[in-house]
Amino acid sequence: MPADESLATYKTERCRGGELSKDRLTVLVCTNSTGSDKRKPLVIGKYAKPRCFDNVKTLPCIYASQSRAWMTSVQFSTWLHDWDKELEARKKPNILLFVDNCAAHLKVDHLNHIKIIYFPPKTNSELQPLDRGVKTVFRQGYRRRAVQLYLQEMAASKKPKVTVLDAIHFVHASWRDIKPATIENCFKKAGFFGGSQSGSQATQVESEMGWETLVGEGSVPELDMFLDVDNNLVTSEITSHESLVEDNLSHAEEEDEDEPAPRSAPKSAEVVDALKLIRHFFTCIPNVEDDVFDKISYLENSIFQKSLNLKKRKRNS
C-alpha cells in the first residue's frame, strides 16, 4: 500500500503493471485438503535486504527476492526441493501436490517425495481449491490489517507506510487465521472428497468481521473493490538461470530507499515494560477473555527464557 496515497485511490485505480504495482509482494501459500498442515508462506519482494530487515533474525514466513517481486520457475523449483528435503529428513509420507498452470510452475525434476499434478489450462476458478474461497479470506485478512495500520498511523499524525516486515507479519497472521473447516469446504467445492462444484463459494463468516468498523473510521474503499484491485497483476514468469544470475547481480544489494529507518533491537527490559503496558490496557477494559492474559504471560515467559539463553551463550563464547 503506497505511503503517500489515500485509501480512496483504490476506488479509481487498478494494479496492472504501472505505478501502484511497484509497491507489491507475491505470496505463495500451500495447504493439505483438511487444513491441518498449512505450509509456511513464501513471500517474494523486490529487495534482498530491505532496510526494515536490519536487526531482524527471525521471520514467520520464507522470504525471497526478485527484481519485479515475481514468482519465477527457479524459485518455485527451489521451494519444492527444500520441501522435498524436509520430507526426507522428517520421514514424512509422500505427497500428491495439485498445482495450477502458472507460467513459473514448470516441470520440476529430481523430487523423491512430491508428485505434481497440474490442473488443466483455464480451470483454476473451478478446480483450484484455494480459488474457491480461501484466497478471498486470506486477502481480506491481509488488507484489513493493512488498513488498520494505515488508520492508526493517520490518527497518530504519522505518514502511513506498510513496510515489507509489516506485510510479512500480516501474511503470517492472515494465513494462520484461516480455519481448517474453511479450507476443507473449499476443497469440497472444487470437487475433492466427492463434493459438488455448484453453489456459492465456501468462506468463513469471520472473514467479514471488522470491515464495516474500518469503513466508519476513514476513507476505506468498498470491500469487493479493495479485494479485487490486483486481480490482473502479473505475478510470475519463466526464468532462465542466466537471467536469474543477472537479476540477482542487479538488485541483490539494493534497498528500498522509501523504507523508514530500521529499528534497533529492543532490550528485554523494554519489551517486558511494553507487555506490562499491554496487560494494563486490557485490565482497563470490561469483559476481556482470560486467554488474552494467558498469552501475555506466555510472551513474558518466552522473553525470560530467551534472555537466559542469550546470557548463557555470551558467557560460553
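Check Ile62 against each of (1) without any contact (Cβ under 8 Å) to a residue 24 or more places away in the chain; (2) surrounded by 14 or more Cβ atoms within 10 Å (Cβ to Cβ); (3) out of contact with any Leu (no Cβ under 7 Å at 6 or more places or on another chain) and name the one condition it does not meet. Among (1) without any contact (Cβ under 8 Å) to a residue 24 or more places away in the chain; (2) surrounded by 14 or more Cβ atoms within 10 Å (Cβ to Cβ); (3) out of contact with any Leu (no Cβ under 7 Å at 6 or more places or on another chain), Ile62 violates only (3). Being open to solvent by 30 Å² or more (accessible area, probe 1.4 Å) and over 15 Å from Thr26 (Cα atoms) is a description that applies to Lys122. For segment 45-67, the set of residues classified as among the small types (Gly, Ala, Ser) and assigned to a loop (DSSP other than H, G, I, E, B) consists of Ala48, Ser67, listed by residue number.
Filtering segment 148-174 to residues that are part of a helix (DSSP H, G or I) and aliphatic (A, V, I, L, M) leaves Leu149, Leu151, Met154, Ala155, Val164, Leu165, Ala167, Ile168, Val171, Ala173. Contact map, segment 150-163: residues that are open to solvent by less than 40 Å² (accessible area, probe 1.4 Å) paired with residues that are of a type in the set (Ser, Thr, Tyr), Cβ distance under 8 Å, separation 6+ or inter-chain. Pairs shown: Pro160/Tyr150; Val162/Tyr150. Exactly one of (1) in contact (Cβ under 8 Å) with a residue 24 or more places away in the chain; (2) surrounded by fewer than 19 Cβ atoms within 10 Å (Cβ to Cβ) is unmet by Asn94. Its number? All conditions pass for Asn94, except number (1). Scanning segment 29-45 for residues that are farther than 17 Å from Ala173 by Cβ and either open to solvent by 40 Å² or more (accessible area, probe 1.4 Å) or in contact with a Leu (Cβ under 8 Å, 6 or more places away or on another chain) (or both) returns Cys30, Asn32, Thr34, Ser36, Asp37, Ile44, Gly45.
For Ile285, the conditions (1) surrounded by 14 or more Cβ atoms within 10 Å (Cβ to Cβ); (2) at pLDDT below 90; (3) of a type in the set (Val, Ile, Thr); (4) out of contact with any strand residue (DSSP E or B) (no Cβ under 7 Å at 6 or more places or on another chain) all hold with the exception of (1).
The values are calculated or read from the model by the stated rules, or taken from the named source; none is laboratory data. As the structure is a computational prediction, the values presented were derived from the model and not from experiment. No Cβ is skipped: glycine too gets one built from the backbone with ideal geometry, and neighbour counts run over all protein chains shown. Heavy atoms of the whole protein, side chains included, go into the accessibility calculation; ligands, DNA and RNA do not. Shrake-Rupley method; radii C 1.70, N 1.55, O 1.52, S 1.80 Å.
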